[in-house]
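Colleague: Have a look at this one before I ask anything.
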Amino acid sequence: MKKLFITAALASTCLLAGAQDMMSKKGTPILPEAGDWSIGVDATDMIRYFGNLFTKDANNNSSLSPQINQTLTGLYVKDETTAFRVKLRIGFGSTTENALVNDDGSTSTPPATVTDTWKASNNNFTIGAGLQKNRGKGRLRGIYGAELMIGLGGSKDVYTYGNSFTSSHPSPTTNDFGSNISGNGRVTEAKNGSSFNFGLDGFIGAEYFFAPKMSLSGEYAWGLMMSSTGEGENTVESLNSNGDGGTKTTTKTGKSSSFGLDVTNIGSITLHL
């Protein structure tokens with residue numbers, strides 16, 4: 001009887017300790033609850049930072065794979081075994097660069113200057129949704145599920161010049177801007193074809209809660225990947241056949257596409273808050 005009592009007491013103590021382990025010392029639940037939202041942060045740089053504390057090589061610990069670049073990651077907890085994953089990126093950007101070049105018509109010393117301008121613009125959109133299931137009752141849980149993602153993007157460069165094509169200046173002074181000189185002409189507009197990306201994959205991994213509602217997860221994914229880029233346009237200005245001005249010629253650039261079934265995530269590490 002005494003042995004039975006001791007065994008029952010030990011079992012109760014273990015169960016109580018296990019239950020208390022899911023609560024912080026202040027009584028805060030360790031695991032997420034239904035209705036909670038979380039954000040996911042790429043933990044690669046954090047792990048690399050702490051790894052660098054123990055080595056002289058500043059570029060070590062770089063084999064981890066990040067999340068999708070510049071994409072917000074979130075999670076909505078439906079219940080203790082189910083959560084919905086979301087990813088979102090809405091991006092617009094533009095850059096303007098001015099450069100002073102000698103005025104071809106100037107007779108002063110030093111010559112007067114005119115302005116060449118480069119304007120670049122781009123847009124990027126990503127939206128993703130997925131279902132995540134959890135297995136396990138403690139701090140360490142298995143995760144698995146499926147995710148769908150769609151991405152769109154595009155970019156354009158526009159160049160304007162202070163010097164014009166004339167009979168006395170068939171090759172006007174023009175700032176290079178790195179890439180806008182084309183044979184005997186100069187680029188006035190370069191429009192990249194719109195891009196489209198589609199992905200559908202299944203994932204599996206593990207998640208460990210090291211503090212109340214804070215965890216690190218690692219996962220692998222395999223699935224379908226499709227991408228395409230539409231026709232673009234390049235417009236080049238050159239001296240016209242009369243030799244007294246500029247003429248513009250627009251040409252198309254080719255399309256491209258790809259398709260694959262492969263590993264799409266080789267072990268990303270994510271910090272969930």
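Colleague: Give the long-range amide H neighbours of Thr253: residues separated by 5 or more places, or on another chain, with amide H under 5 Å away, using H modelled in the peptide plane at 1.01 Å from N.
Modeller: The answer is Gly232, Glu233, Asn234.
Colleague: Expected output is a single nm value to one decimal: the length gained when fully extending between Lys26 and Leu200, i.e. 0.36 nm times separation in residues minus the C-alpha distance. What is it? Walk me through the intermediate numbers first.
Modeller: Values: separation 174, 0.36 × 174 = 62.64 nm, distance 4.14 nm.
Between Lys26 and Leu200, full extension yields 58.5 nm more.
Colleague: Let me ask you something else. In region 140-178, whose amide N lies under 11 Å from the spot 7 Å out along Cα-to-Cβ of Phe125? List them in ranges.
Modeller: In region 140-178, the label zone of Phe125 (backbone N under 11 Å from the point 7 Å along Cα→Cβ) covers 151-154.
Colleague: Report, by chain and number, residues whose modeled amide H sits under 5 Å from the one on Ala146, excluding near sequence neighbours (fewer than 5 apart, same chain).
Modeller: The list, which skips near neighbours in sequence, is Leu131, Phe203.
Colleague: How much FRET efficiency would the formula 1/(1 + (r/R0)^6) give for Met214 and Thr250, where r is the Cβ-Cβ distance and R0 is 45 Å, rounded to 0.05?
Modeller: Values: r = 55 Å, r/R0 = 1.21.
E between Met214 and Thr250, to the nearest 0.05, is 0.25.
Colleague: If you don't mind, another one. Compute the length gained on full extension between Glu80 and Thr96: take 0.36 nm times their separation in residues and subtract their Cα-Cα distance, giving the result in nm to one decimal.
Modeller: Working: separation 16, 0.36 × 16 = 5.76 nm, distance 5.03 nm.
That pair, Glu80 and Thr96, stretches by 0.7 nm at full extension.
Colleague: Testing the spin-label approximation: label points 7 Å from Cα along Cα→Cβ at Glu33 and Ser258. State their distance in nm.
Modeller: Placing both labels 7 Å along Cα→Cβ, they lie 4.6 nm apart.
Colleague: Apply the a/c threshold of 1.5 to the C-alpha gyration tensor of region 31-272 and tell me whether it is rounded, prolate or oblate. Mind dumping the intermediate values first?
Modeller: Details: a/c = 3.58, a/b = 2.46, b/c = 1.45.
Note, shape of region 31-272 comes out prolate.
Colleague: Okay, moving on. If Lys and Arg each add +1 and Asp and Glu each add -1, what is the summed charge of the other residues whose beta carbon sits under 13 Å from the beta carbon of Pro111? Numbers along the way, then the final one.
Modeller: Working: positive: none; negative: Asp103, Asp104.
Value of the local net charge: -2.
Colleague: Checking the table Lys25/Lys87; Lys26/Lys133; Lys26/Lys87; Lys87/Lys119; Lys78/Lys137; Lys26/Lys213 against a 25 Å threshold on Cα-Cα, which pairs fail?
Modeller: On the way: Lys25/Lys87 33 Å; Lys26/Lys133 28 Å; Lys26/Lys87 33 Å; Lys87/Lys119 30 Å; Lys78/Lys137 16 Å; Lys26/Lys213 13 Å.
Going by Cα-Cα distance, Lys25/Lys87; Lys26/Lys133; Lys26/Lys87; Lys87/Lys119 fall outside the 25 Å limit.
Here, each number is a calculation from the coordinates, and none is a lab measurement. Bear in mind the structure is a predicted one, so any value in this text is a computation, not a measurement. Glycine also receives a Cβ, built like all others from the backbone with ideal geometry; neighbour counts cover every protein chain displayed.
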